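As structure tokens, the structure follows; a few thoughts come after it.
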Amino acid sequence: MSAVNDTKFNSAVFLLTGIPGQEDVHLWISIPFCLMYVISIVGNSVILFIIKTDPSLHEPMYIFLSMLGVTDLGLLIATMPTILGIFLFNSREISSDACFAQLFFIQSFQCIESSVLLLMAFDRFIAIRDPLRYSSILTLPRIAKMGLVCVLRGVAVMLPLPLLLKRFRYCRVNVLSHSYCMDQEVMMMAFSDIRVYNIYGLFITVITVVLDSLLIFLSYVMILKTVLSIASHTEFIRALNTCVSHLCAVLLFYTPEFSLTLIHRYWNGSFPLLQIVLGYVYLLVPPLMNPIVYSVKSKHLRSRIIKVFVK
């Protein structure tokens, strides 16, 4: 009997959910999702191509922007099969191993993106605080090491998540409320003691999202302090203007993430439609808007993009 039960739990599958109650119009709903994916992939790919092929853009700010673009593309690739699979083909079933793999990649890319946003805040601080030594401080080898640390940090911190979840026992069929696997939701499906997972999840939140957002905030406090010491009003406006794109990227990333985390922890099930909408905003809006924001605000990058398309 024990062997039968172990087989039942080990062969667990998860059923993903699109938008409850709207299954009849899922095909129509898939149109805006397809457009978002196409625009996001094309936008990030164009920016990566422009930065790679134009030597004048091989500066720290644009290199960090290319890191952000690669991370956004990875996040899109990790979520696209299940989200479009549900809305286009009503393909809801996902095996436990595939589910754990997806949530690992989603969480890893989110952690890497948070780290990259922190590096971009540091980049803006150095550019405003010490512009004469900007290029000598942020050299290409040093930036490469920073990027490697971001990747290693994301993988090392998130790798225990699927390993812990895999040790838990689940029902044969488990219904999730999102179109992708989210670790908090998968955890709630487990018929095991999840205290260790809760403690580790809190630890991850503190050393990634909370720590990164706090350091970004401190960076902008120092930036504001430096900018306020500038006598010229024109220089004051110009210095702040260089930070607008990054501030938009930070708000686009952290606002839905904090909101979704709070709802899952304290009001889980109270606002189901809001949870679903925030789940899509949390994953799809930053990769969609980041290329647009940076293309609009960066005159240098915008001129290069126009030049390529005019040719």
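No lab work stands behind these numbers, since they all come straight from the coordinates. Predicted model only: the values in this text are computed from it and were never measured. Backbone-built Cβ (ideal geometry, glycine too); neighbour counts: all protein chains shown.
Structure values in brief
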quantity: Exposure proxy order (Cβ contacts within 10 Å, fewest to most) of His233, His246, His58; calculated: His233, His58, His246
quantity: Fully extended contour minus Cα-Cα distance, from Leu274 to Thr234, at 0.36 nm per residue; calculated: 10.1 nm
quantity: Diffusion constant of region 53-137 at 4 °C, which comes from Stokes-Einstein with the Kirkwood Cα-pair radius and 1.567 mPa s, µm²/s; calculated: 85 µm²/s
quantity: Span-rule helices in the chain, defined as complete DSSP H runs reaching 30 Å or more along the axis (Cα) with Kyte mean at least -1.0; calculated: 26-53, 60-89, 96-129, 244-266, 272-297
quantity: Contour excess over end-to-end distance, with Cα ends at Leu262 and Lys299 and 0.36 nm allotted per residue; calculated: 9.6 nm
quantity: GNM top mover of Ser177, Ser108, Ser232 - the chain, alpha-carbon springs below 10 Å; calculated: Ser232
quantity: Per the chain, cysteines lacking a partner by the 4.7 Å Cβ criterion; calculated: Cys34, Cys111, Cys150, Cys171, Cys243, Cys248
quantity: Calculated [θ] (222 nm, deg cm²/dmol) that DSSP helices of n ≥ 4 give over the chain, each run adding -39,500 (n - 2.57); calculated: -25500 deg cm²/dmol
quantity: Region 2-310: equivalent-ellipsoid semi-axes (sqrt of 5 x gyration tensor eigenvalues, Cα, Å); calculated: 38, 22, 17
quantity: Pair Ile306, Val173: separation of 7 Å Cα→Cβ label points (nm); calculated: 5.7 nm
quantity: Label-point gap, in nm, between Ser91 and Ile29 - each point 7 angstrom along Cα→Cβ; calculated: 1.8 nm
quantity: Whether region 211-311 is rounded, prolate or oblate, judged on the alpha carbon gyration tensor where a/c under 1.5 counts as rounded; calculated: oblate
quantity: Most positive-pole-ward Cα, Ser192, Val151, Thr208, against dipole of region 151-211 from beta carbon charges; calculated: Ser192
quantity: Mean Cβ count within 10 Å, highest first, over the residues of peptides 146-152, 279-285; calculated: 279-285, 146-152
